Amino acid sequence: MKTEVDIGTILIAKPFMEDKRFEKTIILIVESNSEGTIGFIINKKIPSTIDEIITDFPQSNVQVKYGGPVSTNNLFFIHQHPDLIMNSQKIQTGMFWGGELEDVIQKCKSGEIAIDEILFFLGYTGWEENQLEDEIEEGSWMIHNANLKKLNHDLDWSKLLIDINKEYEVWATAPSNFHLN
């Protein structure tokens, strides 16, 4: 199992994480340096579609994801078009984040980029220097290397946890609140 966090790393919340904001989350790390780490929760959606958030965006049923508790009024995105979206930053082969939102809007309007080829997030997750490493050491996160080939592929926390470690099967399928059982 991977032990270091790099750009492109997947973090999987371990069962019974104390911080309920991150319960059963899968996070893609998009930036990691000496100042800290940034990622997006990739398995939690909000009830809004992108055209409800950006009024001049083409009509779409593409749901926006909850990226994390930091800057929840700001829109972020992951895409596969650094040639069409200026100022993008590489995450892993074929996957980039950020860039010019106006490029996204115009290229989606013109059809050069399919709307479902972009993941949109409100908010992000962030850790200060050494904070994430401390959380990993405390046992809050599992580190996984995954090459996400399809951006709009829904990842299931329970299935991914079991695929990585069969010992987690009983916990991965348990309800969040045992008192409800």
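What follows is calculated from the coordinates using simple rules that are stated; it is not laboratory data. Just so we're clear, the structure is a prediction, and the values are computed from it rather than from any experiment. Cβ: placed from backbone, ideal geometry, glycine included. Neighbour counts: every protein chain shown.
Structural remarks
- Net length available on complete extension from Glu167 to Asp116 is 14.8 nm, with 0.36 nm assigned per residue and the Cα-Cα distance removed.
- By average C-beta atoms within 10 angstrom, highest first, the peptides 35-42, 99-106: 35-42, 99-106
- Cα-Cα over 18 Å, subset of Lys14/Lys44; Lys14/Lys166; Lys24/Lys44; Lys44/Lys109: Lys44/Lys109
- Of Ala114, His144, Gln131, farthest towards positive along the dipole that unit charges on Lys, Arg, Asp, Glu beta carbons give segment 107-148: Ala114
- For the chain, adding -39500 (n - 2.57) for each run of n ≥ 4 DSSP H residues and dividing by the number of residues yields -4500 deg cm²/dmol at 222 nm.
- Cα-centre dipole for the chain with unit charges at Cβ (Lys and Arg positive, Asp and Glu negative), debye to 20: 660 debye
- Segment 8-56: C-alpha gyration tensor shape, a/c 1.5 cut-off, then a/b vs b/c: oblate
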